[in-house]
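Chemist: I'd like to ask some things about the structure below.
Please treat every number below as a calculation from the coordinates, not as lab data. All values reported here derive from a predicted model rather than from experimental measurement. Don't worry about glycine lacking a Cβ; one is built from the backbone with ideal geometry, like all the others, and counts go over all protein chains shown.
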There are 4 protein chains.
Amino acid sequence: MSESIAPFHGVVPPIVTPFNEDFSIDTDSLRAQVERMIKAGIHGLFALGSSAEVAFLTRENRQIVLDTIIDQNAGRLPVAAGVIDMTTPRCLEHVADARERGVDALVATAPFYVRTHANEIEEHFRQLHAAAPDLKLFAYNLPVSVNVVLEIPMLIRLAQEGVLAGIKDSGGKDDYTRAVVAARKTAQLENFVVLTGSEMTVDYAYLGGCDGVVPGLGNVDPYAYVQLHETCRAKNWEQAVEIQERINKLMAVAFVGDGSRMGGSAAGLGGFKSALHHLGIFASPRMAPTHMPLNDDEHARVAAIVDEFSHGV
Amino acid sequence: MSESIAPFHGVVPPIVTPFNEDFSIDTDSLRAQVERMIKAGIHGLFALGSSAEVAFLTRENRQIVLDTIIDQNAGRLPVAAGVIDMTTPRCLEHVADARERGVDALVATAPFYVRTHANEIEEHFRQLHAAAPDLKLFAYNLPVSVNVVLEIPMLIRLAQEGVLAGIKDSGGKDDYTRAVVAARKTAQLENFVVLTGSEMTVDYAYLGGCDGVVPGLGNVDPYAYVQLHETCRAKNWEQAVEIQERINKLMAVAFVGDGSRMGGSAAGLGGFKSALHHLGIFASPRMAPTHMPLNDDEHARVAAIVDEFSHGV
Amino acid sequence: MSESIAPFHGVVPPIVTPFNEDFSIDTDSLRAQVERMIKAGIHGLFALGSSAEVAFLTRENRQIVLDTIIDQNAGRLPVAAGVIDMTTPRCLEHVADARERGVDALVATAPFYVRTHANEIEEHFRQLHAAAPDLKLFAYNLPVSVNVVLEIPMLIRLAQEGVLAGIKDSGGKDDYTRAVVAARKTAQLENFVVLTGSEMTVDYAYLGGCDGVVPGLGNVDPYAYVQLHETCRAKNWEQAVEIQERINKLMAVAFVGDGSRMGGSAAGLGGFKSALHHLGIFASPRMAPTHMPLNDDEHARVAAIVDEFSHGV
Amino acid sequence: MSESIAPFHGVVPPIVTPFNEDFSIDTDSLRAQVERMIKAGIHGLFALGSSAEVAFLTRENRQIVLDTIIDQNAGRLPVAAGVIDMTTPRCLEHVADARERGVDALVATAPFYVRTHANEIEEHFRQLHAAAPDLKLFAYNLPVSVNVVLEIPMLIRLAQEGVLAGIKDSGGKDDYTRAVVAARKTAQLENFVVLTGSEMTVDYAYLGGCDGVVPGLGNVDPYAYVQLHETCRAKNWEQAVEIQERINKLMAVAFVGDGSRMGGSAAGLGGFKSALHHLGIFASPRMAPTHMPLNDDEHARVAAIVDEFSHGV
């Protein structure tokens, strides 16, 4: 799509949520992180995504997070908000909350917990859009959490109807992402935005025609992703590979946490938060309960990786 | 366990939620159903379970459902409330809501949406119990929704600590349920309650030592399940099989909905609600959005099954 | 079904395969085991099932196993042979081999490795039957190995066509097994044999109308399963439960092998073979490569369980 | 790795197997296809892969296929043979068969059907290599068929031991493939060959450092893949994307078969065979039983796609 008109393109990191000791939102750290990200040159802010531990945030805490990000952003960048919940009626509450706060876009997964059907998923997106027709609605492809892959013909139908503005694809399969790009081309839906959530193959995604990336790791090193974005836009593909490969070494922070002691979410987000604490952005690496924390040895290993492969604060 | 001391035993149906045209809770129909169930001789009420479309209910609607059930029950039967949500902090809100309303027990699944770990699940139950130590806490084994089977040694540990009062097992595997029964015996935890959610093998479950059943289909025909319970308690196993087999023919209502058009939740709960509407208990068979509705032909088939195999109103 | 006409009913253990040091078939141990099983009063022999490590046996070794079992049996009991392979053309070779040797029945799973369809599975059974129309063909429901559950309407169609004589259900869900029993009743297919592979809920299966059981653990203690069969046939259900519960304690031999070091097949079959070696029936507990072996400590634990809970040699 | 020394690099299509009416191997068509492929400039031949319907080929038919390919090739290109079977002892037969015939390399998946463990998979590759230490052994990552993803540290260990010469990765996740490339770099294993099986993202794979591709679709249009290979080697990435995008439109032949009537294997391979028949290379589009055939309408749609997007004969 044209760079000038895409409201969401480029590097749109899902902002990680810092907590105080009592698990209230550490808004100071959150503001510091937003500020750092904007100064690094990112192109949009994605609030309340999976990386924000949104699944662990009450409705009230979600509002605090969103208020803080929007206030700190002060209109500088477009803001998207995740409206992640089990089903349509519950998502609609988050839609209302986000709309009230003045976001530019919403990001919603398929329903989960329930055994759903493609027809029900399609109607789900329609109802979310109907509740906020003035906002861009992004479908969030996240089979690891919701056990279903969004069907591409459905995406195209909903784009044609004006329901969907784009997709954030965290399905982990670059051929799927590419097939979405091809389908939008065939359907002449140039405005349908395709963002990849695969932080380790962003160069591929750009080469294949994606508009941007939503990288959790961008919380740790926004500079690297912005540099990667610019290098891809300049079509210096081999240099892009070099940047990506360095990023991928930094990605090791997400795999330091011991899988025999904690789940993949705790290890991944724990690694990001440990890095942000080491960099001095977050006052604490604390995760939401009941995410298991990294131990001292693991924090030290994260710090070493950050020192070797990131651009620092 | 001893019949006299088990707070939850016998037939404890998960009450289905009726909706008005605007998807507010149809409290009149809900009261009628609670009254009918109690008069049929059930032994406990399970509010806000999966069959209640709890995944589709906002926090406010959950409170209305719970208030209505508790008020109509008027202390006649013990009441358990589902506190179903993605993670611990969100479940804790439902724990507080339910505790305020005076329920006797809580029912919680493992966290979902997030990639979790057994350690994190165990801590999840501990934190829920800590927030309501005066209430019985039941673990809800539901791999079809949360993608994980609760580990039996963990259940036993938590029972020994006083965290868990029992399990509602909807894993669909009778050998697992039986292994829980065996483990509680070995651990001399006679008070740990084992309830099966497998409505088509209740006779087996009782033969194997379970304390009761949480049958979604019990909404349609509570009489049959109460009769089955009593027959099993009287150890008339072959008669129990006959009752179970008739029940299993009635269970066909849950499979009338066309799987090429709707998901398993819509077909199953749609069948129950269609039956309750046909019986005159519910003013409407309406399901929560975006559950796809049964069509007229399907409603007629449900009605025919109900007329042939249920005990009626 | 009527006891007198069912060619396969009662206790039909899948005979485990002993190996010499060079991984050739230890026919002496195999003969000893067949003899022991027959003397214990079992009702049929199932050769080349999953418990036989059939997946590890070359075509030649399968023939040696089958020749040995048939020769030792000497016509005393009906013999079924597994024809387990990836697809129809390969299974047909095993069908020819088994038919030549004079078995009474064949047991086949759905195709695996390939991404198949219900239509293709149905045609698979038809072609296997066409190649040996004089033999009973049993469908082997084994989703853990072939990733698909056999659809019950298909089973019924194939039974009506005379393709299938019965099912060996190792799907692990007693409600499925029961639904097959109900479907054959509705279709008036009394001769369609239903055998459960769930060794820990045999009492349930008999109560629900199954004809028999194919218990891997029956290799270790055939006496217990024969006793359980007879007790169930006599409708002494509570005594049956007691027998089953003792069996289930013996089943612990299948879970001694450390899951952090070996797969479920190695632990399960390794436990059975360790028990048979301890009992002096097998010259060695050796498993097919590359099954990881139990270690000395694990062998000792298996022996202790066998000594406490089995009927011995 | 260095282009000059890699024995397998570039375009190495898995040759599809044509059948006569009696399902014997149509060696004439097979020879014609091999000849066509070599003339198109491919870099190696992969016999007996999944695309060859190897799962449907008896040991004898596998030998005929391999003999035919090797004879027609007459030493012009390196030849790899799949040794696909359930477990080590059975694979070892195929290893012996292939070695006798003088192949250059072997390709093996993890064991399947059995519930296996990483340790058992690792030992599996060791034993296969020990039986043919003079041949290159490739690990075949194919979770869709064998339900397990090969662990990268294991690949590296086995490469360091000299067991594995490379990987054919059909896992469908480009970030995994890339992680293998990164791991070989870190381990300074430049000779460890990484081939992608993802036919729709070959440009990505080359950009990320892969050595080649094993494209089933290369049977239909070898010219396009050779052209893509050369363009990538020349680092003309944007032109590579254009070639890839045209290829991806041709890939539609694999999705013409109706999924409500046939499985994914039948649709995919049926599409390839229909295309080869339309091009006049194969005498028939016949598939192995019990793959469901495409119907006339589907054949016509395949032909239209081939005419529009392929380089023809």
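Chemist: Just to be sure I understand the curve: with the Debye formula and one point per C-alpha of the stretch A:134-249, what is log10 I(q)/I(0) at q = 0.10, 0.11, 0.17, 0.24 Å⁻¹?
Modeler: One equal scatterer on each Cα of the stretch A:134-249 leads to -0.29, -0.36, -0.82, -1.33.
Chemist: Based on the Cβ-Cβ distance from A:Asp134 to B:Arg59, what FRET efficiency comes out when R0 is 25 Å, to the nearest 0.05?
Modeler: Once rounded, the FRET efficiency stands at 0.45.
Chemist: Please compute the alpha carbon radius of gyration of the stretch A:48-133, then divide it by the globular-protein estimate 2.2 N^0.38 Å. Two decimals is fine.
Modeler: Ratio of Cα Rg to 2.2 N^0.38 Å: 1.08.
Chemist: Which loop GluC sites (Glu not before Pro) in the stretch D:105-151, with loop taken from DSSP, have no more than 15 other Cβ atoms within 10 angstrom of their Cβ?
Modeler: D:Glu151
Chemist: Counting only C-alpha contacts under 8 Å and six or more residues apart, can you give the relative contact order of the stretch D:37-101 as a whole percent?
Modeler: 41 percent
Chemist: Place the label 7 angstrom along Cα→C-beta at C:Gln127 and in each other copy, then list the distances from the first to the rest in nm, shortest first.
Modeler: The answer, with the shortest distance listed first, is 2.9, 4.6, 5.5 nm.
Chemist: Within the stretch D:178-248, report the trypsin sites (Lys or Arg not before Pro) that DSSP leaves as loop and that have at most 14 other Cβ atoms within 10 Å.
Modeler: In loop regions of the stretch D:178-248 (DSSP not H, G, I, E or B), the sparsely surrounded trypsin sites (Lys or Arg not before Pro) are D:Lys235.
Chemist: Translational D (Stokes-Einstein, µm²/s) of the stretch C:28-72 at 20 °C and 1.002 mPa s when Rh comes from the Kirkwood sum over C-alpha pairs?
Modeler: 195 µm²/s
Chemist: Also, I was wondering about something else. Can you give me the three principal axis dimensions of the stretch B:132-182 from its C-alpha atoms, in Å, biggest first?
Modeler: 30, 24, 13
Chemist: Cut-off 10 angstrom, C-alpha nodes, Gaussian network model of chain B. Which of B:His94, B:His291, B:His117 fluctuates the most?
Modeler: Comparing B:His94, B:His291, B:His117 in a Gaussian network model of chain B, the most mobile one is B:His117.
Chemist: To continue, here is another question. To the nearest 20 debye, what charge dipole does chain B have about its Cα centre, counting +1 at the Cβ of each Lys and Arg and -1 at the Cβ of each Asp and Glu?
Modeler: With only Lys, Arg, Asp and Glu charged at Cβ, the dipole is about 440 debye.
Chemist: So, one more: Please report the projected area of the stretch A:186-313's Cα convex hull averaged over all directions, in nm².
Modeler: For the stretch A:186-313, averaging the hull's shadow over all directions gives 9.2 nm².
Chemist: Using a label position 7 Å from Cα in the Cα→Cβ direction, what is the ascending list of nm distances from A:Val313 to the same site in the other copies?
Modeler: From this label point to the equivalent ones elsewhere in the assembly: 7.2, 7.5, 7.8 nm.
Chemist: Looking at chain A, what % of the alpha carbon pairs are farther apart than 28 Å?
Modeler: 34 percent
Chemist: Quick one, can you get me the convex hull of the C-alpha atoms of the protein assembly as shown expressed as volume per residue in Å³?
Modeler: Spelled out: Cα convex hull of the protein assembly as shown, divided by residues, is 161 Å³.
Chemist: How big is the stretch A:233-305 in terms of Cα radius of gyration and Dmax, in angstroms?
Modeler: That works out to 14.2, 44 Å for Rg and Dmax.
Chemist: What FRET efficiency comes out for the pair B:Glu35/B:Val149, r = Cβ-Cβ distance, R0 = 35 Å, nearest 0.05?
Modeler: Efficiency, from the Cβ-Cβ distance: 0.45.
Chemist: First measure r as the distance between the Cβ atoms of D:Glu308 and B:Ser260, then evaluate 1/(1 + (r/R0)^6) with R0 = 30 Å and state the FRET efficiency to the nearest 0.05.
Modeler: Efficiency, rounded to the nearest 0.05: 0.45.
Chemist: Show that you can apply the helix-only estimate: for chain A, add -39,500 (n - 2.57) for every DSSP H stretch of four or more residues, divide by all residues, and state [θ] at 222 nm to the nearest 500.
Modeler: Dividing the helical sum by the residues of chain A leaves -14000 deg cm²/dmol.
Chemist: For the stretch D:9-44, list residues with backbone N below 13 Å from a point placed 7 Å from the Cα of D:Arg233 toward its Cβ?
Modeler: D:9-12, D:41-44
Chemist: Quick one: divide the alpha-carbon radius of gyration of the stretch A:55-210 by 2.2 N^0.38 Å and tell me what you get.
Modeler: Compared with the compact-globule rule of thumb, the stretch A:55-210 sits at 1.01.
Chemist: Could you tell me, in Å, what Rg and Dmax come out for the Cα atoms of the stretch B:1-90?
Modeler: 13.4, 45
Chemist: Find the Cα radius of gyration of the stretch A:195-260, compare it with 2.2 N^0.38 Å by division, and give the number to two decimals.
Modeler: Rg over 2.2 N^0.38 Å, computed on Cα atoms: 1.10.
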